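Down below is the structure, laid out as structure tokens.
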Amino acid sequence: MSFMFHPHPYDEPTAINRPALSERTKKALIKGGVNIANAIADKANEKSLIVLDGYASAEFSQVVNLLGGILEFRKIKYEVINVSCCYKTPQELDELFADNLKVDLEKDPVSLFGKRLEDGYNAIFDADKVADLQEKLATRENVVILYGYGSMYHSFVRNAADITVYLDVAPKNVVLRAKNGKMTNIGDVVAKPFKAMMRRAYYVDFEAALLLRRELIGADLIDFYVDSTDLSCYKMVDREAFAEITGALSVMPIRNKPVYLEGVWGGQYVKSVRNVPDCMKNIAWVFDFIPMEVSVVTEVGEDLFEMPFYTLLQKRETELMGQACVDKFGGYFPIRFNYDDTFHSSGNMSIQVHSGSDYNKENYNEFGRQDESYYIVNAGHGARTYLGFANDQDPKEFIELAKKSEKDHSVIDYQKYIHAVESKPGVQVMIPAGTIHASGRNQLILEIGSLTVGSYTYKMYDYLRPDIDGKPRPIHTYHGENVLRTERNADWIHENVVQQPRTVRKGEGYEETILGEHDLLYFSLRHLCFEKEVEDDTNGKFHVLSLVDGEHVRIESAENPDIFFEQHFLDVVLVPASMGKYRIVNLGNHPITIHKTCLKEGFEQDEL
């Protein structure tokens, strides 16, 4: 799994959720900048404080300019203030975040990793400038439009605000705007180079925005919520409609809009199955449910309304995850799901390793360990999954060769040192942090991993190939050597993380089996296999269902079958904790296999 630096602009047309909504909510959706500005102006009086905040890359000028024009037409005096006037200078901010974004090319050759910001917007504002703003707002004699990132951070703004508006953006579109020169980091006047901008965004800007948005949503401080993902057509709902939309989504099975990314080892399987346009060379990753990177598209009347999945989560965390999960993971969704496609590709994924809890917390200010697992959905001839060290080889010898190759680009006979498991559909392997691994060519895997905000993949060897942009792919032997568990050889692998399925329950025409559980992972990996239908119960903990064999099913509430989602092959669907009892009905002719992921029993005691 990697950061979403290079998403393809293609929008998956089938990922649409259709909850039952009232006519009031359907009619409450307002489209277009002019209509939105009029609706905001209608709520204003002659001394209103109108505050517009938003997520990274939100473009405020359309609404601010139209709103100003409407107020002027109505002969209402107004003043516009960009909250950036209260930021520290770009130079001060660069110095402030230097520790979060250290540059050490020996340890991190392309400056990819960083340390999460904890302070949020607090660190970004200059105290004296904020005091001036506070006085100005307290003595205002006309309408003031205050806008910009962090406008609603300070309590004195919230207390004085008459109208609050939040402009949200789907994560994929944030990155596309950055690539197209339509974004700068908070406080910058001139944009940094793209990769430096995105590194700063992931570890600083996004974290600040996430913290504030969660606070605003949790305290119900947003009067108008704007879907500003499509710059050509903003869409807005009021507080009541936003609450109904998120409430309806939180009690039904939902599918997020996936993000597709090309890669040097990318394959052709998903591209064929999902009819992705030929303009994509290949598909390396499908972020079907990387919680911080995907969005939820909802049908509201005749329109589609999009919000980041994390916005929905921040509004409905208990309904979606369950209270025990919220308590354990602090409001962050604890598992991520993506497909890695090397089917008919040019090669393997890199030989790599991920870091554990102590290392991540100390170096990156992270929540915990980065564990992964691979489920083989499909495989071609000769497909293999690399996992652990060979029994008869010295891992230290491989590490020395990897360090040498990083410097002089010498070839390594990696198959001599790295153990391989034959890849067949239905095989599940678990990859606790510290385990060396790679997905081999010619297979499609469902990758399921633990909670980290960042991505800590240390490539030990990458076959000396250039990346998709023609530049050498970075190798990270410094970090890799620090975290590798060299005792995890072939014997350990087969005794611990490649397990034989064991039946949990069985009935007429169905069976549920555990494919993998381990003390080092807090989630359980399972199969639901059935002919016609199967029933299940969330018991207060979310389930994530991936249709890995079969054509078409309906996931529906057992108590109210009108609450449902129709799932197709490869769709990844979240069943919220609040659903309780539900059933999955086969709508096709082929027997069904669902990959089910849920939190383990006793996950509350597991180490992060």
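The values are calculated or read from the model by the stated rules, or taken from the named source; none is laboratory data. Keep in mind that this is a model prediction, so the values were computed, not measured. Cβ sites come from the backbone with ideal geometry, for glycine too, and all protein chains shown count toward neighbours. Heavy atoms of the whole protein, side chains included, go into the accessibility calculation; ligands, DNA and RNA do not. Shrake-Rupley method; radii C 1.70, N 1.55, O 1.52, S 1.80 Å.
Summary table
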{"read-out": "Hits in the stretch 448-472 - residues which are within 20 Å of TYR202 (Cβ to Cβ), open to solvent by 10 Å² or more (accessible area, probe 1.4 Å) and in a strand (DSSP E or B)", "value": "THR457, LYS459"}
{"read-out": "Yes/no for PHE309 being more than 30 Å from ASN348 (Cα to Cα) and among the aromatic types (Phe, Trp, Tyr)", "value": "yes"}
{"read-out": "Residues that are closer than 28 Å to ASN100 by Cα and either hydroxyl-bearing (Ser, Thr, Tyr) or assigned to a strand (DSSP E or B) (or both), drawn from the stretch 150-180", "value": "SER151, TYR153, SER155, TYR166, LEU167, ASP168"}
{"read-out": "The stretch 381-410: number of residues that are surrounded by 13 or more Cβ atoms within 10 Å (Cβ to Cβ) and under 30 Å from ASP549 (Cα atoms)", "value": "6"}
{"read-out": "Criterion violated by ASP188 - all others in (1) among the acidic types (Asp, Glu); (2) buried (at least 23 other Cβ atoms within 10 Å of the Cβ); (3) in a loop (DSSP other than H, G, I, E, B) satisfied", "value": "(2)"}
{"read-out": "Qualifying residue in the stretch 295-305 (condition: at positive phi, part of a loop (DSSP other than H, G, I, E, B) and open to solvent by less than 10 Å² (accessible area, probe 1.4 Å))", "value": "no"}
{"read-out": "Out of GLU135, GLU92, GLU118, sole residue that is at pLDDT below 95 and on the phi < 0 side of the Ramachandran plot", "value": "GLU118"}
{"read-out": "In the stretch 72-127, residue surrounded by the fewest Cβ atoms within 10 Å (Cβ to Cβ) [restricted to those that are of a type in the set (Lys, Arg) and either in contact (Cβ under 8 Å) with a residue 60 or more places away in the chain or within 30 Å of ASN45 (Cβ to Cβ) (or both)]", "value": "LYS75"}
{"read-out": "Residue check, PRO308 open to solvent by less than 10 Å² (accessible area, probe 1.4 Å), farther than 27 Å from ASP606 by Cα and under 16 Å from the mean Cα position of the chain (by Cα)", "value": "yes"}
{"read-out": "Cβ-Cβ under 7 Å pairs, at least 6 apart or on other chains, the stretch 531-548 side under 17 Å from PHE333 (Cα atoms), far side at pLDDT 95 or above and in a loop (DSSP other than H, G, I, E, B)", "value": "THR538/GLY580; GLY540/GLY322; LYS541/GLY322; PHE542/GLY322; PHE542/PRO576"}
{"read-out": "Selection status of ALA402, touching a residue at least 40 places away in the same chain (Cβ under 8 Å), assigned to a helix (DSSP H, G or I) and touching a Gly at 6+ places or on another chain (Cβ under 9 Å)", "value": "yes"}
{"read-out": "Complete set of residues in the stretch 228-264 that are closer than 30 Å to GLY440 by Cβ and open to solvent by 10 Å² or more (accessible area, probe 1.4 Å)", "value": "LYS257, GLU262, VAL264"}
{"read-out": "Per-region count, the stretch 6-31, residues farther than 23 Å from ILE555 by Cβ and surrounded by fewer than 18 Cβ atoms within 10 Å (Cβ to Cβ)", "value": "9"}
{"read-out": "Within the stretch 316-380, helices (runs of 4 or more DSSP H) holding 1 or more residues that are in contact with a strand residue (DSSP E or B) (Cβ under 8 Å, 6 or more places away or on another chain) and surrounded by 22 or more Cβ atoms within 10 Å (Cβ to Cβ)", "value": "317-321, 323-329"}
{"read-out": "Residue within the stretch 384-397 that is closer than 15 Å to TYR463 by Cβ, among the small types (Gly, Ala, Ser) and assigned to a strand (DSSP E or B) present", "value": "no"}
{"read-out": "Count of residues meeting criterion [open to solvent by 10 Å² or more (accessible area, probe 1.4 Å) and not small (Gly, Ala, Ser)] in the stretch 32-59", "value": "10"}
{"read-out": "GLY267 of a type in the set (Gly, Ala, Ser), open to solvent by less than 10 Å² (accessible area, probe 1.4 Å) and more than 21 Å from the chain's Cα centre (by Cα)", "value": "yes"}
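One line per residue, one yes/no per condition, for (1) assigned to a strand (DSSP E or B); (2) open to solvent by 70 Å² or more (accessible area, probe 1.4 Å); (3) over 30 Å from GLU106 (Cβ atoms):
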{"position": "TYR478", "(1), (2), (3)": "no, yes, no"}
{"position": "ASN482", "(1), (2), (3)": "no, yes, no"}
{"position": "GLU495", "(1), (2), (3)": "no, yes, yes"}
{"position": "LYS506", "(1), (2), (3)": "yes, yes, yes"}
